[in-house]
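Below is one structure, written out as structure tokens; comments come after it.
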């Protein structure tokens with residue numbers, strides 16, 4: 001979106017007062033990405049990152065930006081180093097990075113990929129691209145949208161087989177998540193939700209309407225063991241965001257953030273810091 005629209009959204013965060021789950025911060029996915037892989041983002045607003053602009057963004061959010069997805073090949077080293085020195089988790093995504101670009105990013109300390117396979121340079125035998133380099137380097141953490149739409153079941157099997165404890169499941173959810181099929185807005189663009197997929201007028205996938213409990217069931221369906229799947233949904237993301245010292249496990253002195261599932265892995269209850277916030281009325 002435009003800088004003004006982004007600033008407006010960022011300013012809304014400190015004023016929010018969520019009554020259920022507590023957000024850990026803001027994921028700034030764009031505008032510092034590649035026009036070669038915009039995904040559902042409007043290419044007109046894709047820009048190069050600068051320290052001054054990011055400082056304005058961070059000030060608007062009251063310091064809440066914790067994760068930034070960007071195209072490393074489009075950014076100056078000084079900007080990337082600044083983000084890392086600020087303690088921001090930098091993730092490669094919406095990127096046309098080649099092997100050399102990824103190697104350079106790794107040396108700078110960038111070791112994460114946003115929604116692997118989607119909106120990034122593909123694996124080729126003469127240039128592994130961002131997908132191939134993610135599979136090659138053990139230290140790279142990879143997000144996965146486990147909806148069976150953004151990737152095939154076999155692609156999910158491949159990533160989880162190779163990356164093991166470096167996979168974090170995300171929904172990439174938009175505002176239509178949990179609502180009926182129909183027409184919605186995403187960054188000023190029209191989105192159509194039908195048959196479980198959210199798409200632009202062009203047919204391009206535009207985020208998802210995946211619910212996290214469905215993501216769990218999708219992982220189990222393709223043969224991933226329950227303990228491993230649970231770690232991908234909880235502990236691994238906590239490690240990525242350096243929150244694993246008090247989140248991501250049921251353990252003494254940890255926050256009692258828990259989701260209770262029945263034997264069919266449907267949500268029964270949700271607790272936030274030990275307080276019951278949701279109880280399934282149908283079960």
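Among the residues of the range 90-101, those that are touching a strand residue (DSSP E or B) at 6+ places or on another chain (Cβ under 7 Å), buried (at least 20 other Cβ atoms within 10 Å of the Cβ) and outside any loop (DSSP other than H, G, I, E, B) comprise 90, 91, 92, 95.
Only one residue in 223, 207, 248 is at positive phi, in a loop (DSSP other than H, G, I, E, B) and touching a residue at least 40 places away in the same chain (Cβ under 8 Å), so which one is that?
Working: 207 fails: in a loop (DSSP other than H, G, I, E, B); 248 fails: touching a residue at least 40 places away in the same chain (Cβ under 8 Å).
Among 223, 207, 248, only 223 is at positive phi, in a loop (DSSP other than H, G, I, E, B) and touching a residue at least 40 places away in the same chain (Cβ under 8 Å).
Look through the range 44-68, keep the residues that are crowded, with 19+ Cβ neighbours inside 10 Å and more than 18 Å from residue 91 (Cα to Cα), and return whichever of them is farthest from the chain's Cα centre (by Cα). Looking at the filtered set, the residue picked out is 60.
Each row is one residue, and each column tells you yes or no for (1) at pLDDT 95 or above; (2) under 21 Å from residue 234 (Cα atoms); (3) assigned to a helix (DSSP H, G or I).
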site: 118; (1), (2), (3): yes, no, no
site: 143; (1), (2), (3): yes, yes, no
site: 148; (1), (2), (3): yes, yes, no
site: 157; (1), (2), (3): yes, yes, yes
site: 161; (1), (2), (3): yes, yes, yes
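With respect to residue 146, determine if the residue is surrounded by 20 or more Cβ atoms within 10 Å (Cβ to Cβ) and without any contact (Cβ under 8 Å) to a residue 40 or more places away in the chain. No.
In the range 111-133, which residues are farther than 18 Å from residue 144 by Cβ and in contact with a helix residue (DSSP H, G or I) (Cβ under 7 Å, 6 or more places away or on another chain)? Once the filter is applied, which keeps residues that are farther than 18 Å from residue 144 by Cβ and in contact with a helix residue (DSSP H, G or I) (Cβ under 7 Å, 6 or more places away or on another chain), the range 111-133 yields 127, 128. Take the conditions surrounded by fewer than 18 Cβ atoms within 10 Å (Cβ to Cβ), under 23 Å from residue 78 (Cα atoms) and touching a helix residue (DSSP H, G or I) at 6+ places or on another chain (Cβ under 7 Å) and apply them to residue 108. Does it pass? For residue 108, the condition - surrounded by fewer than 18 Cβ atoms within 10 Å (Cβ to Cβ), under 23 Å from residue 78 (Cα atoms) and touching a helix residue (DSSP H, G or I) at 6+ places or on another chain (Cβ under 7 Å) - is met.
Of the residues 216, 220, which is modelled with pLDDT of 95 or more, surrounded by fewer than 16 Cβ atoms within 10 Å (Cβ to Cβ) and assigned by TED's automatic domain parsing to the domain that holds residue 244?
Going through 216, 220 in turn, the sole match is 220.
Of the candidates 203, 188, the single residue that is touching a helix residue (DSSP H, G or I) at 6+ places or on another chain (Cβ under 8 Å) and under 30 Å from residue 3 (Cβ atoms) is 188. Pairs linking a residue in the range 1-26 that is under 25 Å from residue 275 (Cα atoms) to a residue that is part of a helix (DSSP H, G or I), with Cβ atoms under 7 Å and 6 or more positions apart or on different chains, are 26/10; 26/13.
Would the range 164-172 turn up any residue that is part of a helix (DSSP H, G or I) and at pLDDT below 95? Checked the range 164-172: at least one residue is part of a helix (DSSP H, G or I) and at pLDDT below 95. Is there a residue being in contact with a strand residue (DSSP E or B) (Cβ under 6 Å, 6 or more places away or on another chain), within 22 Å of residue 238 (Cα to Cα) and part of a loop (DSSP other than H, G, I, E, B) anywhere in the range 9-20? Among the residues of the range 9-20, at least one is in contact with a strand residue (DSSP E or B) (Cβ under 6 Å, 6 or more places away or on another chain), within 22 Å of residue 238 (Cα to Cα) and part of a loop (DSSP other than H, G, I, E, B), which makes the answer yes. Inside the range 177-197, residues that are in contact with a strand residue (DSSP E or B) (Cβ under 7 Å, 6 or more places away or on another chain), without any contact (Cβ under 8 Å) to a residue 40 or more places away in the chain and part of a strand (DSSP E or B) make up a count of 7.
Which residue, of 271, 254, is surrounded by 13 or more Cβ atoms within 10 Å (Cβ to Cβ), part of a strand (DSSP E or B) and under 24 Å from the mean Cα position of the chain (by Cα)?
Values: 254 fails: part of a strand (DSSP E or B).
None of the others qualify; the one that does is 271.
The values are calculated or read from the model by the stated rules, or taken from the named source; none is laboratory data. Quick caveat: nothing in here was measured; it's all calculated off a predicted structure. So basically every Cβ, Gly included, is an ideal-geometry build from the backbone, and we count neighbours across all protein chains shown.
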